[in-house]
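Report on the following structure.
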Amino acid sequence: MARIKTPVELEELRKSILSTRDPNKPCITLCSGSACNASGSLEVAASIEEEIAKQGLGAEVDVRRTGCHGYCERGPIIVIHPEKICYFQIKPEDIPEIISQTIKEKKVIERLLYTDPATGEKIVYEHDIPFYKYQKRLVFGSNGSVDPKSIDDYLAIGGYSALAKVLSGMTPDAVLQEVKKANLRGRGGGGFPAGTKWEGSRNAPGEIKYVIVNADEGDPGAYMDRSLLEGNPHAVLEGLTIGAYAVGSHEGYIYVRQEYPLAVENVFTAIRQGEEYGLLGKDILGSGFDFKVIVHQGAGAFVCGESTALMTALEGRAGEPRPKYIRSNIVGLWGRPSVLNNVETWANVPLVINKGADWFTQYGTESSKGTKIFSLVGKITNTGLVEVPMGTPLKDIIYQIGGGIPGGKKFKAVQTGGPSGGCIPEELLDLPVGFDELTKAGSMMGSGGMIVMDEDTCMVDVARYFLDFLTDESCGKCVPCREGMRQMLKVLTRITKGKGKEGDIELLEELSETAQEAALCALGKSSPNPFLSTLKYFREEYEAHINQKRCPALSCKELIAFHIDPEKCQACTTCARKCPSDAIIGGKNLIHIVDQAKCTKCGTCFEVCPPRFRAVRKISGEPVPARIAEEARTITRKSKEK
Amino acid sequence: MSEILLKIDGKEVKAKEGMTVLEAARSAGISIPTLCHHEKLEPYGGCRLCIVEIESRGSRRLAVSCVYPAEKNIAVTTRSEKVDRIRKMILQLLLAHAPDAFDLQDLAKEYGADRNRFEKEPSFCVHCGLCVRYCAEVKKKNAVGFVDRGIRKEISFIPEIASKECWNCKECFPLCPTEALQAAYVLVEALAFPSSATGACATGE
């Protein structure tokens, strides 16, 4: 491939790519992100290849392995173009039928379609499925139409046209002003306006400046940056290059965690292709602008998502935040002005440039513009990645897109913003998602993690869980974070074990203040958030644990007991057979009893007791009823009496 | 170098360009407690004891003075109810690890810190990093370092380097505010230095 030397040549290449592609030719796209690979996408891909060869269709059908489509709950997903017929949870054995029926005969296979749980109706096309219908996938949407390993695919959907626009007619300042006008705020956590950050670096003294992609996504359950980098690496590179041009930087870094092997692989491929095409490297598109990108694989420390810790790690030292009171866009990597934005922020840049700030700002709230990708996980029917305009009420994300809580359970809270975020209760479900709105509610946007919790979730235990994560992930440098969290975790653990004392809440509040006011970095300062937000909205749960030794969610093992209601037990023996620790005293026609001394509280009996009996119940905060007398255990069956 | 005028505890203080608030305060005879600070070493900002209140352009914030640059027209308050409360908590947290360290006991008295506030976990090390940084920055040997992170972080001598470099140095010993450093050294000596039991040196001296 010869280097593209001018924006005109780029357009010519794009035309020639498109001219070889017949939009009416059948194309099977298979979602091949990490999540779908784990649920069998690799095997499906092999089967597609084999079947196409077997049926001799090599010339008549295209196959494209794309990045993540977002609907991970139902993966692997196949979309058949041009009709956009959508099949879910595909197994290799479904492939021969798909090829012979849908590709050859143009027949839809009913059993592989999405069934609307509300109406029972089968839905054929992607855009009619509620999960997709209510989203606005401006950034993430392209994932489904490009093979991340093909720069031609990216060019075919208009890729690098924003870069060409910038290099052929916009001054760096005009680029900066456009990004500022769009009020693009950092999608990685803080929500700092990207344009302002860039401007600071641009105006900072020094010839050498850096632009950096933060792909050190580390929140439990969050994978939007991973999926973007895996599925559409060129969009991130294009945004980064535009940013470099605006800032006056000629060297960029991608800090990506090693645990994201597919993202690492795809980003290396994308850089190599970009260099071959002349979209990276010296004299990009004949503009005289030089820019190279270096990939740095991080060792997976959560704290390295913090900007100064990330830069310290890039310099080859242990990832600890810097104590200096100076912004890293002024004094950053190797002491030079450095702009750090996360994957999603960079991926938004080509859109802002191509379509303009006015277009971009039509989406969103007063202070949060554009869309945001959320990783919707936890107790939710449709697990996956969702992109919605800022300002969308939480309720819509959880119920319209997410399909609500499975198993007929009640919603309790949604945790946003990752470990340093907070839990938002049901009464605030109308809250529009936005940087300031979430912060005001005591949580934060973070990088877009959204963990849904149902009525069985204990909020004290949630706080304990996140504190446990954070004590592990703290760098350990400053006392308020390292020692403060150590003590907070101890107190929270003891509360969930029924050993909480009066004064524990106040002690936790004191420790929280010390961390918020005195910790060195944002991770430390926000470390008490899991506690503070659960205390704010679920104080009564803390009090029940401490004062009554009761877990209202019936979740904390040390505070609950399983008891078989003698009135309801029909001696079906299911629980006795399933109990893994022989803790159920059973017997034919004898009312069963849980031997509390042997019970490990695994909950098996509770789950297996037939719904028509519902004899096993969880109790908390009250004594276990005395054992039924041996002679009263015999059940006399009414049906047999008759 | 240009002079900077700032106020510390109501007193006009002259500082030189590049000085931190802590340095400016100490040069004027105003004391601010520290554990991880050392004149010869780069500011570390780890213990957070030197936290003060800084008023700048009408807004008031808490900042640690060992890294906050002395700027003109700022007003620094080195003691306030809030500052004292935070220092007290930091001391209590550290006293759980090194309850008998003299430096901590003196400060505990000053700030009313209860050495029994938290359950004792005598690891002795307070992670001030003085030994680690002195060895790296002044001696340039890196014979002692931090290993692991978060609550599992600890200092450790690197046997391969320590067995060569530490015999005649031990300059870090007096820097340690607790006895943790010596203990760590003795441990690594016993476990990893060849023939140290006889006092003979591995390098053949």
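Does any residue of the range A:415-426 turn out to be closer than 18 Å to residue A:223 by Cβ, surrounded by 24 or more Cβ atoms within 10 Å (Cβ to Cβ) and in contact with a Lys or Arg (Cβ under 8 Å, 6 or more places away or on another chain)? No, every residue in the range A:415-426 fails to be closer than 18 Å to residue A:223 by Cβ, surrounded by 24 or more Cβ atoms within 10 Å (Cβ to Cβ) and in contact with a Lys or Arg (Cβ under 8 Å, 6 or more places away or on another chain). Here residue A:456 fulfils each of the conditions (1) more than 10 Å from chain B (Cβ to nearest Cβ); (2) buried (at least 22 other Cβ atoms within 10 Å of the Cβ); (3) of a type outside the set (Gly, Ala, Ser) apart from (2). Only one entry in B:120, B:72, B:88, B:82 is modelled with pLDDT under 95 and within 14 Å of chain A (Cβ to nearest Cβ), namely B:120.
Each row is one residue, and each column tells you yes or no for (1) in the same structural domain as residue B:27 (by TED's automatic domain parsing); (2) outside any loop (DSSP other than H, G, I, E, B); (3) under 27 Å from residue B:175 (Cβ atoms).
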| site | (1), (2), (3) |
| --- | --- |
| B:54 | yes, yes, no |
| B:71 | yes, no, no |
| B:91 | no, yes, yes |
| B:104 | no, yes, yes |
| B:109 | no, yes, yes |
| B:119 | no, no, no |
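For the range A:249-265, the criterion of a residue being in a helix (DSSP H, G or I) and touching a helix residue (DSSP H, G or I) at 6+ places or on another chain (Cβ under 7 Å) is satisfied by at least one position. The set of residues in the range A:477-497 being within 12 Å of chain B (Cβ to nearest Cβ) and either in contact (Cβ under 8 Å) with a residue 40 or more places away in the chain or of a type in the set (Lys, Arg) (or both) consists of A:477, A:478, A:480, A:481, A:482, A:484, A:485, A:486, A:488, A:490, A:494. Applying a threshold of 6 Å to beta carbon distances and a minimum spacing of six or more residues, or different chains, the list of pairs starting in the range A:127-148 at a residue that is among the polar types (S, T, N, Q) and ending at one that is surrounded by fewer than 19 Cβ atoms within 10 Å (Cβ to Cβ) reads A:142/A:157; A:145/A:157. The number of residues in the range B:127-141 that are more than 12 Å from chain A (Cβ to nearest Cβ) and closer than 13 Å to residue B:37 by Cα comes to 3. Pairs linking a residue in the range B:164-189 that is outside any helix (DSSP H, G or I) to a residue that is among the acidic types (Asp, Glu) and surrounded by 14 or more Cβ atoms within 10 Å (Cβ to Cβ), with Cβ atoms under 7 Å and 6 or more positions apart or on different chains, are B:177/B:103. When the residues of the range A:220-231 are filtered to those that are touching a Pro at 6+ places or on another chain (Cβ under 8 Å) and surrounded by 24 or more Cβ atoms within 10 Å (Cβ to Cβ), the one that is nearest to residue A:147 (Cα to Cα) is A:231. Residues that are more than 12 Å from every other protein chain (Cβ to nearest Cβ) and hydroxyl-bearing (Ser, Thr, Tyr) were ranked within the range A:515-546; the one that is farthest from the chain's Cα centre (by Cα) is A:542. Taking the stated definitions as given, is residue A:330 over 21 Å from residue A:186 (Cα atoms) and surrounded by fewer than 24 Cβ atoms within 10 Å (Cβ to Cβ)? So residue A:330 does not fit the description; no. I'd like to check something: does the range B:142-150 contain any residue that is within 12 Å of chain A (Cβ to nearest Cβ), under 17 Å from residue A:479 (Cα atoms), assigned to a loop (DSSP other than H, G, I, E, B) and not β-branched (Val, Ile, Thr)? Yes, some residue in the range B:142-150 is within 12 Å of chain A (Cβ to nearest Cβ), under 17 Å from residue A:479 (Cα atoms), assigned to a loop (DSSP other than H, G, I, E, B) and not β-branched (Val, Ile, Thr). Any idea which residue in the range A:577-599 is nearest to residue A:615 (Cα to Cα), counting only those that are within 40 Å of the chain's Cα centre (by Cα) and small (Gly, Ala, Ser)? Among residues in the range A:577-599 that are within 40 Å of the chain's Cα centre (by Cα) and small (Gly, Ala, Ser), the one nearest to residue A:615 (Cα to Cα) is A:583. There is at least one residue in the range B:6-20 that is within 14 Å of chain A (Cβ to nearest Cβ) and closer than 29 Å to residue A:482 by Cα. Applying the set (1) within 14 Å of chain B (Cβ to nearest Cβ); (2) without any contact (Cβ under 8 Å) to a residue 24 or more places away in the chain to residue A:328 leaves exactly one unmet item: (1).
The residue that is modelled with the lowest pLDDT, counting only those in the range A:42-74 that are in contact with a Gly (Cβ under 6 Å, 6 or more places away or on another chain) and among the hydroxyl-bearing types (Ser, Thr, Tyr), is A:71. How many of the residues in the range B:1-42 are of a type in the set (Gly, Ala, Ser), under 28 Å from residue B:135 (Cβ atoms) and in a loop (DSSP other than H, G, I, E, B)? Number satisfying all stated conditions: 2. Taken over the range A:363-380, the criterion of being surrounded by fewer than 16 Cβ atoms within 10 Å (Cβ to Cβ) and either in the same structural domain as residue A:423 (by TED's automatic domain parsing) or among the hydroxyl-bearing types (Ser, Thr, Tyr) (or both) is satisfied by A:367 alone. Scanning the range A:300-324 for residues that are within 11 Å of chain B (Cβ to nearest Cβ), surrounded by fewer than 24 Cβ atoms within 10 Å (Cβ to Cβ) and either of a type in the set (A, V, I, L, M) or outside any loop (DSSP other than H, G, I, E, B) (or both) turns up A:301, A:318. Here the range A:498-514 is the region considered, the condition is being closer than 19 Å to residue A:462 by Cα and part of a helix (DSSP H, G or I), and the residue that is nearest to the other protein chains (Cβ to nearest Cβ) is A:511.
Can you find a residue that is more than 16 Å from residue A:456 (Cβ to Cβ), outside any loop (DSSP other than H, G, I, E, B) and not assigned by TED's automatic domain parsing to the domain that holds residue A:496 anywhere in the range A:609-619? The answer is no, given that none of the residues of the range A:609-619 is more than 16 Å from residue A:456 (Cβ to Cβ), outside any loop (DSSP other than H, G, I, E, B) and not assigned by TED's automatic domain parsing to the domain that holds residue A:496. Only a single item in (1) in contact with a Ser or Thr (Cβ under 9 Å, 6 or more places away or on another chain); (2) buried (at least 21 other Cβ atoms within 10 Å of the Cβ) is not met by residue B:17, and it is number (2). Of the residues A:531, A:562, A:538, A:613, the single one that is surrounded by fewer than 20 Cβ atoms within 10 Å (Cβ to Cβ), among the aromatic types (Phe, Trp, Tyr) and in contact (Cβ under 8 Å) with a residue 12 or more places away in the chain is A:613. Looking across the range B:22-67, the residues that are more than 10 Å from every other protein chain (Cβ to nearest Cβ), surrounded by fewer than 15 Cβ atoms within 10 Å (Cβ to Cβ) and either among the charged types (D, E, K, R) or touching a Pro at 6+ places or on another chain (Cβ under 7 Å) (or both) come down to B:39, B:40, B:55, B:57, B:60. The single condition from (1) modelled with pLDDT under 90; (2) touching a Leu at 6+ places or on another chain (Cβ under 9 Å); (3) within 17 Å of residue A:285 (Cβ to Cβ) that residue A:2 fails is (2). If I go through the range A:263-299 residue by residue, how many of them are surrounded by fewer than 21 Cβ atoms within 10 Å (Cβ to Cβ), in contact with a Gly (Cβ under 9 Å, 6 or more places away or on another chain) and closer than 21 Å to residue A:310 by Cβ? Number satisfying all stated conditions: 3.
The values are calculated or read from the model by the stated rules, or taken from the named source; none is laboratory data. Computed from a prediction, not measured in an experiment: that's the story for all the values here. Positions of Cβ are backbone-derived with ideal geometry, glycine not excepted, and every protein chain shown enters the neighbour counts.
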